[in-house]
1. Given the protein chains as shown and a 1.4 Å probe, how many square angstrom of MET1 are accessible, to the nearest 10?
2. Please name whichever of MET311, HIS223, THR103 sits farthest to the positive end of the charge dipole of the chain, dipole taken about the Cα centre and charges placed at Cβ: Lys and Arg +1, Asp and Glu -1.
3. Using a 1.4 Å probe on the protein chains only, how many percent of the accessible area of the chain belongs to carbon and sulfur?
4. Over the chain, what is the relative contact order in percent, taking alpha-carbon pairs closer than 8 angstrom and at least six residues apart?
5. Which ³J(HN,Hα) values in Hz, rounded to whole numbers, follow from the phi angles of the stretch 110-123 under the Karplus curve 6.51 cos²θ - 1.76 cosθ + 1.60, where θ = phi - 60° and Gly and Pro get x?
6. Using θ = phi - 60° and the Karplus curve 6.51 cos²θ - 1.76 cosθ + 1.60, what whole-Hz ³J(HN,Hα) does each residue of the stretch 89-102 get, with Gly and Pro shown as x?
7. Rolling a 1.4 Å sphere over the protein heavy atoms, what is the accessible area per residue of the chain, to the nearest Å²?
8. Nothing charged except the Cβ atoms of Lys and Arg (+1) and of Asp and Glu (-1): what's the magnitude of the dipole of the chain about its Cα centre? Round to the nearest 20 debye.
Amino acid sequence: MEVLVRGAGVAGLALARELLRRKVKVSLVDRRSDWSGSASWLAGGMLAPWCERENAEEPVLRFGKGAIDWWDRAVPGLLRRRGTLVVAPARDTRELDRFALRTSGYRLLDRSEVTALEPELEGRFAKGLFFEGEAHLDPRAALQMLLDDLIADGVDFHVRSDCSENASGLTADCTGMAARDPDLRPVRGEMLILHAPDVHLARPVRLLHPRFPVYVVPREDQHFMIGATMIESGDNGPVTVRSTMELLNAAYSLHPGFAEARIVETGAGLRPAYADNLPRVRRAGDTIFVNGFYRHGFLLAPHFADLAADMITTQHQETRLEAHY
């Protein structure tokens with residue numbers, strides 16, 4: 001059996017890896033020569049299934065928990081198992097209580113415990129929630145390592161604008177919004193990357209706000225990803241002034257050291273989502289479609305890659321998430 005995987009984002013790379021594990025011959029093709037501007041490239045890289053349950057359906061938690069070990073095996077050395085800290089300004093502590101009611105897997109921290117976890121937040125937050133089982137990684141380094149390993153293991157990778165079907169076998173379409181699925185809708189996300197030498201945070205921190213919650217994710221060399229807006233829009237243009245100001249204000253309210261940070265990158269992209277914000281895997285003829293990851297690409301790609309690989313190797317006709325509740 002030979003499978004052509006269309007799309008070298010996180011879903012396509014994860015599927016190619018799962019197919020290789022099943023001894024399937026894989027070719028990989030993408031329209032882009034790099035990932036810049038793609039949803040995978042702009043991702044935060046947080047593997048936070050318990051936190052995401054705050055505004056996501058239960059399957060995101062159930063299927064997402066296995067992603068942490070999957071990524072640890074797939075990209076050895078990149079994963080950071082340091083948990084997630086959730087805090088709120090004094091005026092918004094009710095948001096922290098609301099977050100706690102909708103989630104699980106956390107430990108309630110008092111002021112001294114928040115400081116012990118992140119010393120530079122000393123005196124800034126009276127309490128917090130610590131999701132110790134969560135993790136994060138640099139999504140860009142992870143994408144590159146996955147692709148390099150796939151090529152080393154014999155996957156043929158090509159960049160070409162013509163991503164036609166596979167004449168000699170099955171095709172797996174993992175192209176996100178480019179799939180032109182009429183059931184998909186675009187959800188705009190905007191982010192910043194700051195270089196902040198005066199800020200030292202060991203783990204992702206989520207700052208709750210009733211209108212504009214944000215997360216701050218540490219990366220290498222005192223760089224931090226600040227994200228992310230969720231706008232129901234198909235506008236794929238640059239980051240807006242309003243979003244930039246909101247993200248920067250939130251970062252500064254978390255840690256005053258961000259006042260002297262440099263903005264090294266801004267980014268905006270479109271996340272593919274179905275009406276229920278849950279992914280789907282389905283088969284139509286000789287094509288398997290894997291799509292609709294919304295804001296959970298790195299968290300849910302391993303599970304749905306496994307589903308799709310099973311469908312391909314066992315020749316099931318159709319599988320949807322709803323069948324696995």
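1. Using a 1.4 Å probe on the heavy atoms, I get roughly 120 Å².
2. THR103
3. Here carbon and sulfur together make up 49 percent of the probe-accessible area.
4. Reported as a whole number, the value is 25 percent.
5. Calculated HN-Hα couplings, in order: 8, 4, 5, 6, 4, 5, 4, 6, 10, x, 6, 9, 3, x Hz.
6. Listing the rounded values in order: x, 4, 6, 10, 5, 4, 5, 5, 5, 5, 4, 5, 5, 9 Hz.
7. With all protein chains present, the chain gives 44 Å² per residue.
8. Roughly 380 debye for the chain.
The values are calculated or read from the model by the stated rules, or taken from the named source; none is laboratory data. Remember, it's a predicted structure, so these values are computed and weren't measured experimentally. Cβ: placed from backbone, ideal geometry, glycine included. Neighbour counts: every protein chain shown. Heavy atoms of the whole protein, side chains included, go into the accessibility calculation; ligands, DNA and RNA do not. Shrake-Rupley method; radii C 1.70, N 1.55, O 1.52, S 1.80 Å.
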